[in-house]
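Engineer: Have a look at this one before I ask anything.
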Amino acid sequence: MQSARYSSDPDDPLAAALAPPPGETAAEREERLRREDEAKRISDEIDERLKHDRAAYKRHKSTFKLLLLGQSESGKSTTLKNFQLAFAPKAWRAERASWRAVIQLNLVRSINLILDILSQEMSKAAPQPTSPVSSPFLRPVTSQGRHPPPPADQPERSSSPTPFQFTNTHALLKLRLVPLRRVEADLKQLIGAATDEFAPDSAVSFGQTEEANAAVLYDGSAARRRPAEFYVRSNVSWRETLRSAYQGLHGDSEQQLSSASLDGQSKLEDATEIIASCAEDMQALWTDPVVREVLKRRKIRMEQTPGFFLDDIARIAVRDYEPSDDDVVRARLRTLGVQEHRLVMERNGVSSLATNDVAREWMIYDVGGSRTSRAAWFPYFDDANAILFLAPISCFDELLQEDRRVNRLEDSFLLWKAIIQSKLLAKCIIVLFLNKYDLLEKKLRSGIQVRKYLPSFGDRENSAPVLAHYLHQKFKDQHREHSPQARRPFYGYVTTAIDTKETTSTLAAVRDGILRHNLQRADFV
C-alpha cells in the first residue's frame, strides 16, 4: 500500500487538491490509491516513450539520407553495392557469401534460356510434312514438271536463311543439362522463400513470356529477349537465410538449425554439385558456333543482359567457388518496392571533411524504377539530403518495357526534368550518373548509328566519348533551365557501375562534394 504525505498548510492549494476526501473509508482510500498508481504508471510509460522518440528523432535528423532514382535497369542496385564495397568493406565481406546462390542462379538461368531457344529452333528444323499449297518453299511447276527459271535480270534468291546445322551433339547437350532445371527451381525457392516471394514466371513457359518481357529497339525489332525476371521484395531476409545456411555448411554456426535451414543447406549443396558436374557441357553449349548463330539471328545479346556470367563458367562452376567483389557487383536480383539500407562509414570510408556523425552514417533508399513504382518516390522527397539519379546512356535505341511508344533515353530526360523542377527538392543536392558507358562503347563499335535514333545528335562523330559529352551537356542544360534555385550546383559523372575501381573513386568524389556542399550551406567553409 502506497502512502502519501500531504502538507498541513491550509493555504497550500496543492495540499487541498491532494488531500483525501472527507469521510473516506478504507476501501475508498485503497481504490483511490490504486487509480493513482495506475495513472503514474501510464504517465511514466508516456515519458519513457517520448524520451525514446526524441532520441530516435535526433539520430534520424543526424543521419544523411540519399535517394537512388532512375528508371528500371539503370544501375541503382549496382551503385548501392559499390557504396557498400567502398565505404563499409567489413560489412560487405560479411554478407558477400550470401550472393553465391544468386550468382549461380544468374548463370543457370542464362543456360536454361539458351536451351529453351535451342529446343524451339531444333523443333522447327525437324522434318515435317507440308502441303503443296501451304509450303512457302515450293514454287509453281510448269507442265513439263520443271520449276520456271527466274527472270534473266533477277538472280534466284533463297526464300529463307540458311538452316541451322544441328547435330546429335546439340541433342546430347540438351539431355545432359536437364538437371539444371531443378537447380534453378531450388535456388529460386531458397531465395524466394526467404522473402515469401516466388518467381512470377514459375508456371509460364519461355514462349509465353518472351514477348512480354523483351527490351525493344527503337525501330520496333525485339532485342535481348529473356523470361520474366525473378524478384524479391525484401533485401535483407534472403541474405540472412542464405548466410546462415552457408555458415552451417562450413560448420561456422553453433546454433541449432531448423528443419527448413537443414533443407536449405541440402539444396545449396546439391545445386553446387550439379553445377560443377555440368561445367564442361555448359561451356560447350555457350561456345558452340551454331548456338551463337541462333542467338545472333534472334538478336539476343546475352553479353548485355544483367547478371551475365557465361564467360566465367570455368571459374564459377566449381565446388569451392567463392564470389569475388566484382561477381557480387555484377549479380542481378531484381527487388520490388523501396529498399532501405543503413550504411555506417567505416574508418577508411569516412571523409576527411567529416565533422560529425552526419558524415559517418547514411541511410540509402533504393527505389523501384518502373513506371508503376514511381509513385512511391514522393514520400521520401520531404527529408532527403541528396539524390543520385542514374540515366543509362546505352539505351538510346531501346523503348520502355512498360510503354513501347517511349524511348528509354527520352524517359530518363523526362524523369530528370521532373526531379530538377520539384520544389520539394529545391534544397536537395542532386548528382547525375550517366551510367552503362561500357555497353554504349560496345553498341557503337558494332556499327549502330546514333543519329538514326537521336536526330538532334546530327553529324557528330559516332563514338562513345562524343555521345557521352553531348548527353552530359543536355542534362546540364535542363538542370540550369528548370532548377527552382539560381546557380544550383551541378554534379555529373559518366560511369560504368560494374567497374568497381573506377566507381569507387567516383563515389569518393561524390561523397566529398556532398559534404563540402553541406558545410558551405552551414557557413563552415
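The values are calculated or read from the model by the stated rules, or taken from the named source; none is laboratory data. The structure presented is a predicted model; accordingly, all values stated were derived computationally and were not measured. Here the Cβ is made from the backbone with ideal geometry for all residues, glycine too, and neighbour counts use every protein chain on show. Please note that ligands, DNA and RNA were not included when accessible areas were found on the heavy atoms of the full protein model with its side chains. Shrake-Rupley method; radii C 1.70, N 1.55, O 1.52, S 1.80 Å.
Engineer: Would you pick out the residues in the range 418-434 that are closer than 12 Å to Gly70 by Cα and open to solvent by 10 Å² or more (accessible area, probe 1.4 Å)?
Structural biologist: Across the range 418-434, the qualifying residue is only Ala418.
Engineer: May I ask you to verify whether Phe475 is within 16 Å of Leu409 (Cβ to Cβ), of a type outside the set (Lys, Arg), surrounded by 15 or more Cβ atoms within 10 Å (Cβ to Cβ) and touching a Lys or Arg at 6+ places or on another chain (Cβ under 6 Å)?
Structural biologist: When the stated conditions are applied, Phe475 does not pass them.
Engineer: Looking at the range 65-72, can you tell me whether even one residue there is in a helix (DSSP H, G or I) and surrounded by fewer than 22 Cβ atoms within 10 Å (Cβ to Cβ)?
Structural biologist: Scanning the range 65-72, I find no residue that is in a helix (DSSP H, G or I) and surrounded by fewer than 22 Cβ atoms within 10 Å (Cβ to Cβ), so the answer is no.
Engineer: Residues of the range 435-451 being touching a Phe, Trp or Tyr at 6+ places or on another chain (Cβ under 6 Å) and open to solvent by 10 Å² or more (accessible area, probe 1.4 Å), which ones? Even if it seems obvious, please write down each step before you answer.
Structural biologist: Within the range 435-451, the first condition is being touching a Phe, Trp or Tyr at 6+ places or on another chain (Cβ under 6 Å), and the residues that meet it are 450-451.
Arg451, the sole residue that qualifies.
Engineer: So the check is Cβ under 6 Å with 6+ separation or different chains; which pairs have a first residue in the range 406-428 that's on the phi < 0 side of the Ramachandran plot and a second one that's of a type in the set (Asp, Glu) and surrounded by 15 or more Cβ atoms within 10 Å (Cβ to Cβ)?
Structural biologist: Short answer, once both residue conditions are applied: Arg408/Glu398.
Engineer: From Glu269, Glu273, Glu322, Glu293, which residue is modelled with pLDDT of 70 or more, farther than 19 Å from Asn82 by Cβ and part of a loop (DSSP other than H, G, I, E, B)?
Structural biologist: Unique residue meeting the criteria: Glu322.
Engineer: Can you work out which of the residues in the range 293-350 that are of a type in the set (Lys, Arg) and over 27 Å from Leu115 (Cβ atoms) is least open to solvent (accessible area, probe 1.4 Å)?
Structural biologist: Per the stated criteria, the residue is Arg342.
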